[in-house]
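J.: Here's a structure for you.
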Amino acid sequence: MNKKKILFVVSDFYHNGAQREMYEFDYALDKTKFEVTILCLIGLNTRPDLPDYFYEKHLELGSRILFLKDFITKFKKGLLYKIVNKLMKNSLNDRIRNKNSKNLINLFNNYDKVVFMGEYVYQNLSPIIPINYFEKILIFVMSTRFQSENYRNFEKNNQYLFFTGFNTIQEIEYEFEGFKNYEHEFMPLCLTVTNDYNKWKFNQNNVTKKIGIFTRLHKDKPLDPFLYAYQVLLSQGLDIELHVFGVGNYKLAEYDRYINNLNLDGKVYFRGHQSDMKQTILNEKLDLVWFQGYNNLPAGYAGLEVCLTGTPQLFWDFFIGENMQLNVLSGNIIYPHFKNLLAFAEASKKVLFDKELAESISTSQFQDVFNNRDIFKRIHVIEKILLNNE
């Protein structure tokens, strides 16, 4: 059987969610059926604060890695770029655009399928992709409308196959409102599951309780509901610390506005990037993790990693729409989601101090990820599409 040649187009190899998903796919795809090549939009070592974490890992899997700079013309001598699209829009003349388009299509023609790992990756290249080149454009969607409406700003009349974690008609129709011709494939975030880190224990000692948040520090990653809830807990005289882990500058992300307004200066600890999040959670002995959710599911890999440690999580729901399971802590709800600030703070207090409740959430969340988010149980969804000749 001849292997299918697949080109995945990525933005970079940083230690972020989209890059993690690409690695999980590369790790799980049946290499007797697929030959994987990765085209990266930007070069290596462009961000001193973000190492190219997954670059060597893909090479270890035997995947070939290409860089877009080797296939396009630079537009102005000496001008550096991070995201190619910016230069394409601002500096291209028709001759250079056509040359770059031809080079890119010549590259694409070497592969059976081209897959864009992120809608923004497709956006960046769309100025030099002929509008009718793809019969169907395959995109793994990495954003949601609550983060930024801009993620939907590309041609809406093409035929698309969107892969997302959206699993209700309401979500799908809301996210892709305005697109004329698309199909949707449910593919939740998955990873290689393990029981090795499932070591969380309820802290029964009368010591300071610790809440953790794991996120990239950026204005697209809202923290304001969590900071308000933290102030509510502190106003009740509770001995609680809030630790925020993730790359970025909290002032550039504009979190300082909330911290100053809520008198939380010096009370929120920004701890920076963590190379092994699961081990950090265990070493820090976190009692609870707050995370962003989307219609009753964790909205990122960090949430899944937390589950694998057994640390209980509560979620602020960022889905814009009706959710009948909001603000509920009991019953069979695995991932409790909230939009009511006081209910969120009260639920957090219960989890911090109620051993039975905390352990119940810990067990159900770990088991759900272990049973349902194993990449090796889900990769067949992608493989079937990549093997299809349409």
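J.: I need to check one value: relative contact order of region 247-357, counting alpha carbon pairs closer than 8 Å and at least 6 residues apart, in percent.
T.: Across region 247-357, relative contact order equals 20 percent.
J.: Right, another one. Compute the FRET efficiency between Lys156 and Lys99 as 1/(1 + (r/R0)^6), taking r as their Cβ-Cβ distance and R0 = 30 Å, and round to the nearest 0.05.
T.: The pair Lys156/Lys99 has a calculated efficiency of 0.60.
J.: Could you work out [θ]222 nm for the chain from helices alone, using -39500 (n - 2.57) per DSSP H run of at least four and dividing by all its residues? Round to the nearest 500 deg cm²/dmol. Numbers along the way, then the final one.
T.: Values: 13 runs with 136 residues, N = 390.
Roughly -10500 deg cm²/dmol at 222 nm, from the helical runs in the chain.
J.: Also, quick follow-up: For the chain, what is the Kirkwood hydrodynamic radius in Å, using each pair of distinct C-alpha atoms?
T.: When all Cα pairs of the chain are included, the Kirkwood radius is 22.5 Å.
J.: I've got another one for you. From the phi of every residue in region 199-213, what ³J(HN,Hα) in whole Hz does the Karplus formula 6.51 cos²θ - 1.76 cosθ + 1.60 yield, where θ is phi - 60° and glycine or proline is x?
T.: Rounded to whole hertz, the list is 10, 4, 10, 5, 8, 8, 6, 7, 10, 4, 7, 10, 9, x, 10.
J.: By how many degrees, between 0 and 90 and to the nearest 10, does the Cα long axis of helix 17-28 differ from the longest principal axis of the chain?
T.: The helix 17-28 is inclined about 70 degrees to the chain.
Every number in this text was worked out from the coordinates using simple rules, so none of it is lab data. This structure is a prediction, so every number in the text was calculated from the model and none was measured. For neighbour counting, all protein chains shown are included, and Cβ atoms are generated from backbone atoms with ideal geometry for every residue, glycine included.
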